[in-house]
Structure formats: structure tokens, C-alpha cells
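**Student:** Dropping a structure here in C-alpha cells format, bear with me for questions.
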Amino acid sequence: MRKQTRMEQEQIMIGNPAPDYEVIVIGAGVAGIYQIKRLADLGIKATVLDAAPDLGGTWYWNRYPGARFDSESYTYGYSFSKELLGEWHWKERFSGQPENLRYLNHVADKFDLRKHMQFNCKVEAAHFDETDSLWRLRTEDGRELTGRFLIMATGLLSIPTLPRLEGMDSFKGRSFHTFYWPHEPVELAGKKVAVIGTGATGIQVIAEIADKVGDLTVFQRRPNWSAPLNNGPISEAEMAELRARYDEIFATCARTPGGFEHEPDRRGFWQVSREERVALWDRLYEHPGFAIWLRNFREIFMDDAANAEFSAYIADRIRRRVKDPAIAEKLIPRDHGFGVQRVPMETRYFEVYNRDNARLVDISETPLVRVTESGLRTTERDYDFDIIVYATGFDAITGAFDHIDIQGVGGEKLRDKWKDGPSTYLGMFIHGFPNLLMPAGPQSGSASTNYPRGIETGVNWCTDFLEHVWERGYMRAEATAEAEQRWTDHVIQMYSVMLMRKAKSWFTGYNSNIPGHEHGRTRYFVYNGGAPKYVSRISDVAAKGYEGIVLTSGSTPPATPSVTGIAGVAR
Ligand SMILES: Cc1cc2nc3c(=O)[nH]c(=O)nc-3n(C[C@H](O)[C@H](O)[C@H](O)COP(=O)(O)OP(=O)(O)OC[C@H]3O[C@@H](n4cnc5c(N)ncnc54)[C@H](O)[C@@H]3O)c2cc1C
């Protein structure tokens, strides 16, 4: 039996029953798994709830062919356990969904975390109870749970969006969003398949299935810039070398803006000759992963002329790979430059359009009109399909929050507060919503970087914060309105120097399939200052005794320090 914390004992003594849990974590993905590990180590009564039938988050859901990392596998894995790092062998430099899910299961089993998790448990509502300073949750199956603190580990890409097309239910073949790709193998041989969408997911799935289907039709509204992933296997010997370098690898990730091993070229775009720039780009095009994006000159993110020159270089690469010049031109983006959106990485994607069984339909010219019983209708003609794949992305960053009826002080609804975009303190707190923490929330350091690096930072910070709160017997923690405003202004300010502010991307909250997310209504979703600056900011806040957060003792008398099971825990 777990010992009661000092605070729980006090609550019982004064006739105020403890909540069901000290902490409820929503989401059992990379963030939720690590969060419950930290809480379990502290002996805190906590649980993880997930709508899915099992753990893994992103890597549980997205089972479409081609789903894989664009982070180097060994920079994506957790860094918190030397033993784990020593025993796990990543099989590919950018590993695929099945291996990623196996990894997360291995972590949960190794640290015996499953016993803290509840699945098929979709949270519908979370209301803050001001009298008792706790969160009251309701799940889809009608259960009610209470928790002193609520940790939202609900994911930034966890709510899929479908196009707003008439007739979607009338289709007699099979159709699914890539997020819901079936668990059992889907028979593709000989089938006429449509893929709608050419974002990161579309680019992965299209390249993977082109040689497996009978006939492939890709419906593209806007092309995306994309460059080779240059994936490959990792041998035993290479893995041994990587293991020996893990300290150095994670130190580099902590030092770089994106949380990767890729460091920007700091020579200055205009300080080197055109020949030197092209020589760098030729090397980067062959280099694995995001190098082409993140080892590039920093000016491509901020300087229109630099960005245009580099975009022209990539456009030429596309022209060299696609045989039909007219198709090549359609695959080259015109409405944004390279790298102002998260860059989808590809494996022989452009060569798909050289195949006899593949065709591209430009729906910016001939828009989709509706789904029919037998396929899709554009303004030009009808197409018949056996399978329609919706690779239409996500209600990114705030979607999972909007899908829960979250009510804070005075019954204020979070989805109302955030209707024009999020405002947060450090990407971790929301004024008016006490005791709610987001280790990888909107405007935090996670969204624009290698996620798990940001997630570990966020989880460690939130856990340290909770220890601070528990040790001092506080019951209620809320960011001030001023602190939230300052942080949000800071986040907005960062956008002003970045070309990405103009892009129609999920970094700016654009999604034509969600009302209110049209272009021109920028949502300041991500922190663009880079990982080191973010870490420095949040560390500073902690060092100043959690400045900007009001801590109160709530309805119990001020508790004396040191909560059983918390003191002396080593990480
Ligand atoms: C195909 C794909 C590839 C990606 N590749 C990379 C990559 O290479 N590198 C990288 O850094 N990032 C990548 N990402 C981003 C990825 O989402 C993060 O890396 C990471 O997995 C996020 O972990 P998380 O725990 O924050 O959220 P998630 O993994 O999204 O987990 C959130 C969980 O919360 C649950 N949930 C949400 N709402 C509720 C609710 N109301 N009730 C109960 N449960 C709920 C969901 O079911 C889900 O299981 C990729 C994303 C996708 C979709």
C-alpha cells in the first residue's frame, strides 16, 4: 500500500476527503508515459487516462504505411535512463511506427507504468471546483474522477480533421483518415486508391503505397516543400557507437534551437559565395533527416531573398526528379518558401509521379465537389475508387483542448478563452485555470522542436514545480493574468521576425477544414525562440520561486513542508 502524503492526512483530519488522485494525467503518449514515471517515482497517487485502447499516443494511432520518424530515432528516444539507452537498439535511423510503438511499450513495461494507466477512457469534461481546489472530470462512459492537479498530455497532433465534403458517408468502398488506418493489414494489391492531401502524412503514405496498389490518384490542393529523408538501417556496430555517444548527442540536442543534432550554418548566407552556398546545399540534400532544414543558413527563416534563392534550388531538384515538366511544376509550392512550415521528409516521393499507375489531380484547378457512392467528383469529372485515404492532417496544437469541456474559475470555458488562439504562461499554465499544467502545451518549447526533448524538459519542470507545491503544502496554483500576457506577447513578438508568420500552416493555426482557422487569423501556437532560450526562461522562473504563479493553501490550513514520499527523490 502506498503511504498517504502529509497533505492527504491533513485533509482527512479536517474532514475534507482527498481527491481520488493527487494528479490526473490525460494522455498516454511520449509525454504521459514520462510524466507518470516521474510521479510514480515520487510515490504520488496519480493516474493516466487515455481514449485509446492502449498506450503510445501518436505511435498507437498512426498505423498508415510509411508512418515514421523524421527525428533521428536515437535523438527521439527518452534520455532519462542510462539503462534504457544501453539496452534499446534502434533498427533504423528514422524508425517506423511499429518499432516506435514497441519502444514505448518496452519503456512502460520496464518501469512498470501500465498499472497507473486507464484506457478506453476519453475525458469529455474537466471542471475546476473552486471550493475544494480540485478538478472534476467526466469520461465518455459516465465515470467521474477528481484530481488535485490536472496534467494535459493530450498531444499537439492528436485530433484528426476530415475535409468538409458532402457525401462522405455514401461511399461504398473503404475510407479512412490516416490516423485511423486499420490495425489489420489493408489489401492494396490491384486496388484503385485515392489519397487526399499532400502534407507530411500524405507524402509518407503516397510514397510507401505507390508500388503496392493497382492504381493511385493523389488529390493535391497545395504542394509542400519536401526533401529526402535518406533513411537507412543501424547496424549493431553503429548502435554501439551511438550508445557511447549518447551524452554528447543529448548535449548537442540541448544546445541547438531545434533540439536535434543539426546545428545551423553560422557563416552568414550573404557572406559566402553562391558556389559555396550551392556546395553546402548539395551536401545537405544527401544528408539524413532535417539537415537540409536545420543545418542550413539561418537567413532562410528570416530573409525573403535568402529563402527565395534556396527555394529555387529545391525547385530545381524537384524538376530533376520528375519526368513530366508540367507535373514537376505542379509539385513546386508557389505560396510559401522552403522551411517556413515543418518540412515533410520523403523517400522517393517525387518519383511516384513517374509511375504509370500514379496520377496527380490538382484540386486547386478542379476542386473536389463531393464524395460519391463509387468515388470522388471534381468540378471536371468523376473518379471511381476502392479505397479513399484522407491524409488531411490535424486540428493541431489546441484541438485536443477544444474537444474537452474544460471550465476554470467562474465556469469560464477554455475553448472560449482560446477561440482566437491560445494564451499561456510559459506554455504550461493558463490564467483562470488553476492546477492545470501542460508539459508540452501550446506556446511551449516542444511544438517547434524535436518533441521528446521538449517533452522531457516540460515534464521535469512541471514535476519539480509540483514538488515545490507539495513540499510547502499548497493546494492551488494559478498563473497571473499579467504573467500570461507577458509570455503571450513574447511568443507573438518571436513570430514577427520569422517568415513562417506568413505561412498557411499549423504553426500559424491555419486549417481550412476547421471553421475559424482560415488564413489571415494567425494563432500564435509555438515558441520560436529555440530550445536553449526556452529552457533558460523557464529555469529562471523556477529560480525566482516560480514568479508569475500565485500559490495558495486553499481550503486547508497551510501545511508544513515535506510530503511523505517526495523528499530525497533522485532523478
Ligand atoms: C505521423 C507522425 C509522425 C511524427 N513524427 C515526429 C518526429 O519524427 N519527431 C517529432 O519530434 N515529432 C513527431 N511527431 C509529433 C508527435 O506527435 C510527437 O513526437 C509526440 O509523439 C507527442 O507525444 P504526446 O505524448 O505529447 O502526444 P500524443 O502522442 O499525441 O498523445 C496524446 C494522447 O492523448 C490522448 N487524448 C487526447 N485527448 C484525450 C481525451 N479527451 N481523453 C483521453 N485521452 C485523450 C490521445 O488518445 C493520445 O493517445 C509526429 C506526429 C505524427 C502524427
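**Student:** Which whole-Hz ³J(HN,Hα) couplings does the stretch 501-512 yield from phi under the Karplus relation 6.51 cos²θ - 1.76 cosθ + 1.60, θ = phi - 60°, glycine and proline marked x?
**Tutor:** For the stretch 501-512, the Karplus curve yields 4, 8, 6, 8, 9, 6, 5, 10, x, 7, 6, 5 Hz.
**Student:** Okay, moving on. Could you put 226, 539 in order, starting from the residue whose Cβ has the fewest other Cβ atoms within 10 Å? Working shown, then result.
**Tutor:** Working: 226 24, 539 13.
Lowest count first: 539, 226.
**Student:** Over the stretch 315-361, what portion of Cα pair distances is larger than 11 Å, expressed as a whole percent? Don't jump to the answer; show the numbers that get you there.
**Tutor:** Working: 762 of 1081 pairs.
Cα-Cα pairs of the stretch 315-361 separated by over 11 Å account for 70 percent.
**Student:** How much space per residue, in cubic angstrom, does the convex hull of the C-alpha atoms of the stretch 409-466 take up?
**Tutor:** On the way: hull volume 4.0 nm³, N = 58.
About 70 Å³ per residue, rounded to a whole number.
**Student:** Then there is this: Using Cα pairs closer than 8 Å and at least 6 residues apart in sequence, work out the relative contact order for the stretch 130-272, in percent.
**Tutor:** Values: 88 pairs, mean separation 17.3, N = 143.
Contact order relative to length: 12 percent.
**Student:** Helix 97-110 versus the longest principal axis of the chain: what is the Cα-based angle in degrees, 0 to 90, to the nearest 10?
**Tutor:** Helix 97-110 sits roughly 20 degrees off the main axis of the chain.
**Student:** Rounded to a whole number, what is D in µm²/s for the stretch 352-391 from Stokes-Einstein with the Kirkwood radius over alpha-carbon pairs (25 °C, 0.890 mPa s)?
**Tutor:** Details: Rh = 11.2 Å.
This corresponds to a translational diffusion coefficient of 219 µm²/s.
**Student:** Excluding residues on the same chain fewer than 8 positions from residue 115, give the lysines whose Cα lies under 24 Å from its Cα.
**Tutor:** Cross-link targets: 3, 37, 45, 82.
**Student:** Then there is this: For n ≥ 4 DSSP H runs only, could you compute -39500 (n - 2.57) per run for the chain, divide by its residues and tell me the 222 nm figure to the nearest 500? Mind showing how you got there, number by number?
**Tutor:** Details: 17 runs with 176 residues, N = 571.
Calculated mean residue ellipticity at 222 nm is -9000 deg cm²/dmol.
**Student:** Each residue of the stretch 23-34 in order: what ³J(HN,Hα) in whole Hz does its phi give by Karplus 6.51 cos²θ - 1.76 cosθ + 1.60, θ = phi - 60°, with x for Gly and Pro?
**Tutor:** 9, 10, 9, 9, x, 10, x, 3, 6, x, 5, 5
**Student:** Next question, about the same structure. Order these by the 10 Å Cβ neighbour count, fewest first: 495, 103.
**Tutor:** Numbers: 495 18, 103 21.
Listed from fewest to most nearby Cβ atoms, that is 495, 103.
**Student:** Moving on to the next point. Grab the Cα-Cα distance for residue 365 and residue 482, subtract it from 0.36 nm times how many residues apart they are, and report the gain in nm with one decimal. Write down the numbers at each step before the final one.
**Tutor:** Values: separation 117, 0.36 × 117 = 42.12 nm, distance 4.77 nm.
The residue 365-residue 482 span can extend by a further 37.4 nm.
**Student:** ³J(HN,Hα) across the stretch 455-462 via Karplus (A = 6.51, B = -1.76, C = 1.60, θ = phi - 60°), whole Hz, x for Gly/Pro?
**Tutor:** Couplings: 5, 4, 4, x, 5, 4, 5, 4 Hz.
**Student:** OK, next. Just to check, using Stokes-Einstein with a Kirkwood Rh over alpha carbon pairs, what's the diffusion coefficient of the stretch 139-191 at 4 °C and 1.567 mPa s in µm²/s? Intermediate values should be presented prior to the final figure.
**Tutor:** Numbers: Rh = 15.7 Å.
The Stokes-Einstein estimate is 83 µm²/s.
**Student:** Quick one: what do you get for the stretch 205-361 if you divide its Cα Rg by 2.2 N^0.38 Å? Intermediate results must be reported in sequence, preceding the final value.
**Tutor:** Details: Rg = 17.5 Å, N = 157, 2.2 N^0.38 = 15.0 Å.
Relative to the 2.2 N^0.38 Å estimate, the stretch 205-361 comes out at 1.17.
**Student:** Collect residues whose amide H, placed 1.01 Å from N in the peptide plane, falls under 5 Å from the amide H of residue 526; neighbours closer than 5 in sequence don't count.
**Tutor:** 443
**Student:** What relative contact order, as a whole-number percentage, does the stretch 337-389 give when Cα pairs under 8 Å and 6 or more residues apart are counted?
**Tutor:** Details: 36 pairs, mean separation 9.2, N = 53.
Here the relative contact order equals 17 percent.
**Student:** Sticking with this one: Can you list residues whose amide H is under 5 Å from residue 550's amide H, if they're 5+ apart or on another chain and H is modeled 1.01 Å from N?
**Tutor:** 478, 479, 480
**Student:** Rounded to two decimals, what is Rg over Rh for the chain when you use alpha-carbon atoms and the Kirkwood radius? Can you show the working numbers first?
**Tutor:** Details: Rg = 24.3 Å, Rh = 25.0 Å.
That ratio equals 0.97.
**Student:** Still on this model: Give me the angle, in degrees from 0 to 90, between the Cα long axis of helix 304-321 and the longest principal axis of the Cα atoms of the chain, rounded to the nearest 10.
**Tutor:** Helix 304-321 sits roughly 60 degrees off the main axis of the chain.
**Student:** Related question: So what is the relative contact order of the stretch 425-556, in percent, for Cα pairs below 8 Å that sit 6 or more residues apart? Intermediate results must be reported in sequence, preceding the final value.
**Tutor:** On the way: 192 pairs, mean separation 41.9, N = 132.
Relative contact order, the stretch 425-556: 32 percent.
**Student:** Another question about this same structure. Does the stretch 185-291 come out rounded, prolate or oblate by the C-alpha gyration tensor, with a ≥ b ≥ c the root eigenvalues, rounded set by a/c under 1.5 and, if not, prolate when a/b is larger than b/c and oblate if not? Display every interim value, and only then the final one.
**Tutor:** Values: a/c = 2.67, a/b = 1.52, b/c = 1.76.
Cα axes put the stretch 185-291 in the oblate bin.
**Student:** With a 10 Å Cβ neighbour count serving as the proxy for reagent exposure, in which order, fewest first, do 403, 336 appear?
**Tutor:** Numbers: 403 17, 336 20.
Placing the least packed residue first, the sequence is 403, 336.
**Student:** Less than 14 Å from a label point 7 Å out along the Cα-to-Cβ axis of residue 303: which backbone N atoms in the stretch 265-279 qualify, by residue?
**Tutor:** 265-278
**Student:** Show me 208-215, 63-70 ranked by packing, highest mean number of other Cβ atoms within 10 Å first. Walk me through the numbers before you get to the answer.
**Tutor:** Values: 208-215: 17.6, 63-70: 21.9.
The peptides rank, most packed first, as 63-70, 208-215.
**Student:** In terms of the Cα gyration tensor, with a ≥ b ≥ c the square roots of its eigenvalues, is the stretch 321-454 rounded because a/c is under 1.5, prolate because a/b exceeds b/c, or oblate?
**Tutor:** Working: a/c = 3.15, a/b = 1.91, b/c = 1.65.
Prolate, since a/c reaches 1.5 and a/b exceeds b/c.
**Student:** Then there's this: Return the long-range amide H neighbours of residue 67 (sequence gap of 5 or more, or a different chain), with a cut-off of under 5 Å between placed amide H atoms.
**Tutor:** 97
**Student:** Starting from the Cα of residue 174, step 7 Å along the direction of its Cβ; do the same at residue 247; then give the gap between the two resulting points in nm.
**Tutor:** For the pair residue 174/residue 247, the computed spacing is 5.0 nm.
**Student:** Let me ask something else. Reachable aspartates and glutamates from residue 323, Cα under 15 Å, same-chain residues fewer than 8 places away excluded?
**Tutor:** 351, 356
**Student:** Give me the angle, in degrees from 0 to 90, between the Cα long axis of helix 200-209 and the longest principal axis of the Cα atoms of the chain, rounded to the nearest 10.
**Tutor:** It is inclined by approximately 50 degrees.
**Student:** Let me ask you something else. Residues of the stretch 148-171 with backbone nitrogen within less than 13 Å of a virtual label 7 Å along the Cα-to-Cβ line of residue 140, please, listed as ranges.
**Tutor:** It comes to 159-160, nothing else.
**Student:** Taking the alpha carbon gyration tensor of the stretch 79-201, what are the square roots of 5 times its eigenvalues, largest first, to the nearest whole Å?
**Tutor:** Numbers: eigenvalues 222, 152, 34 Å².
Working from the Cα gyration tensor, I get semi-axes of 33, 28, 13 Å.
Throughout, read-outs are computed from the coordinates displayed, never taken from laboratory work. Note that the structure is predicted; figures quoted are calculated from it, not measured. Because the Cβ atoms are built from the backbone with ideal geometry, glycine has one as well, and the counts that use them run over all protein chains shown.
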